[in-house]
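Colleague: Take this structure first; my questions come after.
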Amino acid sequence: MALHRLQMAGNAQMRIRTALVTARSAPAHERAIRTLMKWNIRVDEAMFLGGLPKGEFLREFEPDFFFDDQTGHVDAPRGTCPRGT
């Protein structure tokens, strides 16, 4: 809900670019997309890594913040950016 409110409050000076990065691949990726649509979250980019580790990707992507629904997944990209669950 907080992300949705931030996206709706965005303007020319503050825009939140949102990327979905998941280790999932087809057909499991559909659940993540449908959930974000249900929550009314706008996703600017989506990357389905098909089991590849997220850490290397996040180092290149350089997000301002990374969050995941599992603590173990948040610990993996240590040192790439601020992160939380």
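The values are calculated or read from the model by the stated rules, or taken from the named source; none is laboratory data. Only a predicted model underlies this, so the values are computations on that prediction, with no experimental measurement involved. Cβ atoms come from the backbone with ideal geometry, glycine included; neighbour counts cover every protein chain shown.
Colleague: For a quick check of your reading of the model, give me the residue pairs whose first member lies in region 55-66 and is more than 16 Å from Leu20 (Cβ to Cβ), whose second is aliphatic (A, V, I, L, M), with beta-carbon atoms closer than 8 Å and at least 6 apart or on different chains.
Modeller: From residues that are more than 16 Å from Leu20 (Cβ to Cβ), the pairs are Gly55/Ala76.
Colleague: Sticking with this one: Take region 22-40 and flag every residue that is of a type in the set (S, T, N, Q), in a loop (DSSP other than H, G, I, E, B) and at negative phi.
Modeller: Going residue by residue through region 22-40, those that are of a type in the set (S, T, N, Q) are 22, 25, 35, 40.
Then keep just the ones that are in a loop (DSSP other than H, G, I, E, B); that gives 25, 40.
Result: Ser25, single match.
Colleague: Can you find a residue in region 10-28 that is closer than 16 Å to Asp69 by Cα, exposed (fewer than 12 other Cβ atoms within 10 Å of the Cβ) and not assigned by TED's automatic domain parsing to the domain that holds Asp64?
Modeller: No, every residue in region 10-28 fails to be closer than 16 Å to Asp69 by Cα, exposed (fewer than 12 other Cβ atoms within 10 Å of the Cβ) and not assigned by TED's automatic domain parsing to the domain that holds Asp64.
Colleague: Hey, could you check region 43-63 for residues that are over 11 Å from the mean Cα position of the chain (by Cα) and assigned to a loop (DSSP other than H, G, I, E, B) and say which is nearest to Met1 (Cα to Cα)?
Modeller: My answer is Glu62.
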